[in-house]
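S.K.: Please find one structure pasted underneath; my questions will follow.
The values are calculated or read from the model by the stated rules, or taken from the named source; none is laboratory data. No experiment lies behind these values; they were computed from the predicted model shown. Here the Cβ positions follow ideal geometry from the backbone for every residue, glycine too, while neighbour counts run over all protein chains shown. Heavy atoms of the whole protein, side chains included, go into the accessibility calculation; ligands, DNA and RNA do not. Shrake-Rupley method; radii C 1.70, N 1.55, O 1.52, S 1.80 Å.
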Amino acid sequence: LKTVRRVPWWNRDLLLETMVDSRKRKQAESDLLRLTRLHELLTRISLTYISLPVDRLEDAIEVSLGELGRELEADRTSLFDYALDHGSCRNTHEWCATGVCPWSYARQAVALSVLAEWAARHRQGEVVHVLDVAAQPESDLRQLLLEREDRSLIAVPMMDGERCLGFALFESTRRQRVFLDAEQRLLQVFAQMLVSVRRRLTLGLAIRRSHDEAEQASRAKSEFLATMSHEIRT
């Protein structure tokens with residue numbers, strides 16, 4: 001019979017400690033690589049937002065949600081606006097992985113009463129990170145998220161000064177997803193990019209409206225002069 005050599009207990013403990021340290025080191029390296037890729041992606045997105053004309057920004061937002069969703073291994077990424085005057089929250093942009101049902105399938109607004117806890121935290125600039133949706137206390141929000149097949153999510157507020165305009169939502173429907181603190185901070189940077197984009201869109205719309213009004217006034221003036229000229233001649 002082959003003799004089995006026993007490993008002394010002190011060597012065995014050292015081996016286990018080494019294995020644990022090795023796993024921690026590999027996890028740290030993996031996390032660092034993931035954060036580096038996310039940082040590079042956000043840099044590219046910001047340059048895109050800066051360089052594009054206003055009329056192409058809406059499409060760029062949709063594209064960037066898809067890029068972030070794939071990088072973060074999320075199944076659904078969405079933007080929501082808080083419509084405080086109407087007491088609701090409305091989905092405005094979205095990307096979904098293949099086979100995942102979108103929020104926008106009916107463009108239904110979510111009552112603010114359902115999102116009361118999120119809205120209160122978002123007004124304080126806080127990120128909402130839910131590791132296990134099923135483990136949350138019974139509520140209309142929990143029921144809504146379970147209907148959307150959510151398992152984990154993170155909701156990042158879009159802050160314009162002290163005012164919360166809405167939030168960016170990153171959801172995992174196929175597995176539980178832990179978002180690192182550094183990932184949360186980078187996603188807050190993305191949310192601030194979106195606030196800047198909204199300012200550009202609002203300004204662009206105002207300029208376009210002003211230009212249209214000026215053109216209408218010019219046409220009205222020309223038509224008036226043409227009419228008066230015709231009346232004088234006749």
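S.K.: Near the amide H of Asp160, under 5 Å away, which other amide H atoms are found, from residues 5 or more places off or on another chain, if H is placed in the peptide plane?
M.R.: Here Leu165 satisfy the definition.
S.K.: Now for a separate question. Non-local amide H neighbours of Ser88 (under 5 Å, H modeled in plane, Pro and chain starts lacking H): which ones?
M.R.: Sorted by chain and number, the residues that satisfy this are Ala83, Leu112.
S.K.: Now, a different point. Please report, as a whole percent, how much of the solvent-accessible surface of the range 74-199 comes from carbon and sulfur atoms (probe radius 1.4 Å).
M.R.: Result for the range 74-199: 48 percent of the exposed heavy-atom area is carbon or sulfur.
S.K.: Take each of the peptides 48-59, 81-92, average the number of other beta-carbon atoms within 10 Å over its residues, and list them starting from the highest.
M.R.: Highest-to-lowest ranking by the protection proxy: 81-92, 48-59.
S.K.: If you don't mind, there's one more thing I want to ask. So what J values fall out for the range 59-72 if you push phi through Karplus, 6.51 cos²θ - 1.76 cosθ + 1.60 with θ = phi - 60°, rounded to Hz, Gly and Pro as x?
M.R.: Per residue, the Karplus-derived 3J(HN,Hα) values read 5, 5, 5, 4, 5, 5, 4, x, 4, 5, x, 5, 5, 7 Hz.
S.K.: Given a Förster distance of 41 angstrom, what is the FRET efficiency for Arg175 paired with Asp140, based on the Cβ-Cβ distance and rounded to 0.05?
M.R.: Taking R0 as 41 Å, the efficiency between Arg175 and Asp140 is 0.95.
S.K.: Averaged per residue, what accessible surface does the range 13-142 expose to a 1.4 Å probe, in Å²?
M.R.: 60 Å²
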